[in-house]
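In what follows, a structure is listed as structure tokens, so that the remarks can point back to it.
Nothing in this text is a laboratory measurement; each read-out follows from the coordinates by a stated rule. Keep in mind it's a predicted model, so treat the numbers as computed, not measured. Backbone-built Cβ (ideal geometry, glycine too); neighbour counts: all protein chains shown.
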Amino acid sequence: MGINDEKILEAFDAIPRHYFLDLVFDAQAYTNMAFQIGSGQTISHPYTVAFQTQLLELEKGMKVLEIGTGSGFQTCVLCKLGAKVFSIERHKELHKKAKGMIDFFKFSARLFFGDGYKGNKTYAPYDRILVTCGAPKLPIELLSQLKNGGVLVIPVGAGKEQKMIKLTKDFEGNVSEKDYGIFKFVPMLERKVN
Ligand code: SAH
């Protein structure tokens, strides 16, 4: 499907997706489908995870902020690629469960329960920022936490569909934007949910 980065394909081989899903979905875990993960949320299609990861143009050791931990699958893929991951989830139950998965795979991602609209200033700026929920518009706070020379990948759109946007900040801080087509994400919502 156009994912030609060998390292990404290897990361997918290394992270068993069925571990992140309810047992009833076991047989379908390696099809290109989204599944319910609780709290009304879904794990993204594997193609979407791979596509967003490819857009990031990651290098080992980069600091990555992920908004929307969800199941933690994408988080683990980023870790496998050698990123230092900081990931925020607004649903407490999902956050706790994802933390268990990260520990199980012995990755060292830092997971936070909170509102991703605020980003995470403590560890900013980030080399890469990845949003895995549909944002009605670009959250300016996230852009301000992106390093010069950094990349922000975010699905933007207020309706049921979003445009996959890749923003690049050059070394002078100028931002340019490129559109990578239509995707469907659960919405990016404000405030955390206990
Ligand atoms: N990468 C995840 C995708 C999960 S779906 C996976 O593959 O499993 C997107 C997630 O974004 C949901 O869990 C949803 O609760 C979360 N989300 C939505 N708005 C958010 C916000 N403002 N801050 C943090 N997480 C948010």
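Here's the list of aspartates and glutamates a cross-link from K84 could span, going by alpha-carbon distance under 19 Å and ignoring same-chain residues fewer than 8 apart: E10, E57, E59, E66, D103, D127.
Along the axis of the charge dipole computed for the stretch 6-183 (Cβ charges of +1 for Lys and Arg, -1 for Asp and Glu, origin at the Cα centre), the listed residues L111, V64, T75 are led at the positive end by L111. The smallest convex shape that holds all Cα atoms of the stretch 6-183, its convex hull, gives 110 Å³ per residue. Along the chain, counting only GluC sites (Glu not before Pro) with a DSSP assignment other than H, G, I, E or B and at most 16 other Cβ atoms inside a 10 Å radius, the longest segment between sites is 60-160.
Relative to the longest principal axis of the Cα atoms of the chain, helix 46-56 runs at roughly 30 degrees.
Can you give me the Cα centroid spacing of the stretch 123-151 and the stretch 24-46 in angstrom? Each part reduced to its Cα centre gives a spacing of 26 Å.
Restricting the chymotrypsin sites (Phe, Trp or Tyr not before Pro) of the stretch 106-174 to loop positions (DSSP other than H, G, I, E, B) with no more than 14 neighbouring Cβ atoms within 10 Å leaves F171. Going by neighbour counts of Cβ atoms within 10 Å, the residues F51, F25 line up, fewest first, as F25, F51. Result for the chain in a Gaussian network model with C-alpha springs under 10 Å: among N148, N174, N120, the largest mean-square fluctuation is at N174. GNM remark for the chain: springs join alpha carbons under 10 Å apart, and the peak mean-square fluctuation among I37, I154, I88 falls on I37.
The trypsin sites (Lys or Arg not before Pro) of the stretch 80-119 meeting both criteria, a DSSP state outside H, G, I, E and B (loop) and at most 16 other C-beta atoms within 10 angstrom of the site's C-beta, are K106. What share of the DSSP beta bridges in the chain is antiparallel, in percent to the nearest 5? The answer is about 45 percent antiparallel. Each other residue within a Cβ distance under 13 Å of V186 adds +1 if Lys or Arg and -1 if Asp or Glu, for a net charge of +1. Residues within the reach of a label modelled at A14 (point 7 angstrom out along Cα to beta-carbon, backbone nitrogen below 19 Å), restricted to the stretch 83-98, are 83-87. Computed from Cα atoms, the angle from the helix 92-104 axis to the main principal axis of the chain rounds to 80 degrees. For the stretch 119-172, the list of trypsin sites (Lys or Arg not before Pro) that fall in a loop by DSSP and count at most 10 other C-beta atoms within 10 angstrom reads K137, K160.
Using the structure shown, list the pairs from K106/K178; K97/K121; K106/K163; K80/K118 with a Cα-Cα distance above 30 Å, or answer none. Going by Cα-Cα distance, K106/K178; K106/K163 fall outside the 30 Å limit. Overall, the chain carries a charge dipole of about 580 debye about its Cα centre when +1 sits on the Cβ of Lys and Arg and -1 on the Cβ of Asp and Glu, all other atoms neutral. Given R0 = 30 Å, the distance between the Cβ atoms of L23 and R191 translates into a calculated FRET efficiency of 0.45.
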